[in-house]
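One structure is given below, encoded as structure tokens.
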Amino acid sequence: MTSSQNELGIIVYAPALVRGDALPLAIIHGMERALPGLRLGWTTSGKEDLIALPHRDEWIAANSTDGGFPFLCNDDNDHLVTVAGWENPNGLAAGNPPHFEVHADLPLDAAGIAAAADMLEAVAEGARAFWGHATPINAGVEIAEQTSPTLEGPPCPPRGLPALKLPKKIRSPEIPHRLGWLNYWSAAAARAIGFPDPACDAELLSRSRRTATGGWVVRLTDAPLDLDTPAHLDALKRAYERFPEIGGRSTP
């Protein structure tokens with residue numbers, strides 16, 4: 001299996017799992033409901049050979065170790081959907097404990113785009129995430145370059161985007177580190193960044209929806225984010241201006 005740039009990457013950030021936590025299955029079942037016909041019933045060997053999991057749920061329960069769950073995928077290399085979760089030993093904010101991350105990929109095709117918001121919501125709510133996003137891989141790579149500082153020295157984000165601080169400079173785990181095309185903000189994350197403000201957020205609210213837990217799924221652009229499209233780049237910049245807390249930019 002090879003990764004394609006024509007993919008939508010979903011990442012959510014959540015509190016660390018506890019032993020026996022049922023959240024991995026909630027995430028997997030939610031993804032399958034979000035994309036009709038999806039069955040995450042396979043994993044891979046060390047040689048990337050597909051291995052069928054006829055008793056997938058029991059297998060997940062038996063193999064969920066080290067604060068996460070193993071790699072799963074469907075059996076369709078032309079429309080590959082994958083997911084895995086693990087514990088990241090680093091904190092999401094200054095002095096914070098380890099956290100749980102879930103990474104999923106799905107095709108950036110008509111079906112994937114149509115299911116993207118439901119898929120992000122399913123993964124984020126299933127993980128009880130603080131925040132997360134779904135972003136085309138190409139745009140996501142450039143957005144990741146906003147983190148400051150770089151190994152080479154002072155920050156130099158692409159396309160005039162703002163420099164973002166490292167997690168150890170961010171004051172609380174509820175504050176998102178960056179933006180994406182579709183953004184999941186838990187109720188706590190929305191409060192932390194001041195969303196929504198009816199006086200400022202009419203445009204964003206027209207492309208947003210509330211989740212069952214009081215969080216939000218917020219879409220920056222109607223079509224998947226493409227930073228080569230001037231209107232999309234402008235929308236991303238406007239969102240950063242609107243939410244200076246994101247990326248820790250509101251604190252010295």
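The values are calculated or read from the model by the stated rules, or taken from the named source; none is laboratory data. Only a predicted model underlies this, so the values are computations on that prediction, with no experimental measurement involved. Neighbour counts are summed over all protein chains in view; Cβ atoms, including those assigned to glycine, are modelled from backbone coordinates with ideal geometry. Remember, those area values only see protein heavy atoms, side chains included, never the ligands or the DNA or RNA. Shrake-Rupley method; radii C 1.70, N 1.55, O 1.52, S 1.80 Å.
Annotations
- Of the GluC sites (Glu not before Pro) found in region 86-185, those that fall in a DSSP loop while having at most 12 other beta-carbon atoms within 10 Å are GLU152.
- A 1.4 Å probe run over region 105-252, with the rest of the protein chains in place, finds 43 Å² accessible per residue.
- Rounded to whole Hz, the Karplus (6.51, -1.76, 1.60) HN-Hα couplings of region 167-184, x for glycine and proline: x, 5, 9, 9, 7, 8, x, 6, 7, x, 7, 6, 9, x, 5, 9, 10, 9
- Taking a ≥ b ≥ c as the square roots of the eigenvalues of the alpha carbon gyration tensor, the chain is prolate, as a/c is not under 1.5 and a/b beats b/c.
- Distance in nm between pseudo-label sites at ALA111 and ASN77 (7 Å out along the Cβ direction from Cα): 1.7
- Cross-link partners for LYS237 among the lysines, with Cα-Cα distance under 29 Å and sequence neighbours closer than 8 places in the same chain left out: LYS165, LYS168, LYS169.
- The residues packed around VAL141, meaning those with a beta-carbon under 14 Å from its beta-carbon, carry a net charge of -4 if Lys and Arg are +1 and Asp and Glu are -1.
- For region 35-102 and region 205-252, distance of Cα centres in Å: 27
- Sorted largest first by accessible area at a 1.4 angstrom probe radius, with every protein chain in place, the residues CYS73, CYS200 fall in the order CYS200, CYS73.
- GNM result for the chain, Cα springs below 10 Å: residue of ALA104, ALA199, ALA117 fluctuating most strongly: ALA199
- Charged neighbours of GLY9, selected by a Cβ distance under 13 Å, balance to -3 (K, R count +1; D, E count -1).
- Solvent-accessible area, 1.4 Å probe, carbon plus sulfur percent, for the chain: 54
- Sequence-distant residues sharing a close amide H with HIS99 (under 5 Å, placed H): ASN88, ASN90
- The charge dipole of the chain, taken about its Cα centre with unit charges on the Cβ atoms of Lys, Arg (+1), Asp and Glu (-1) only, comes to about 980 debye.
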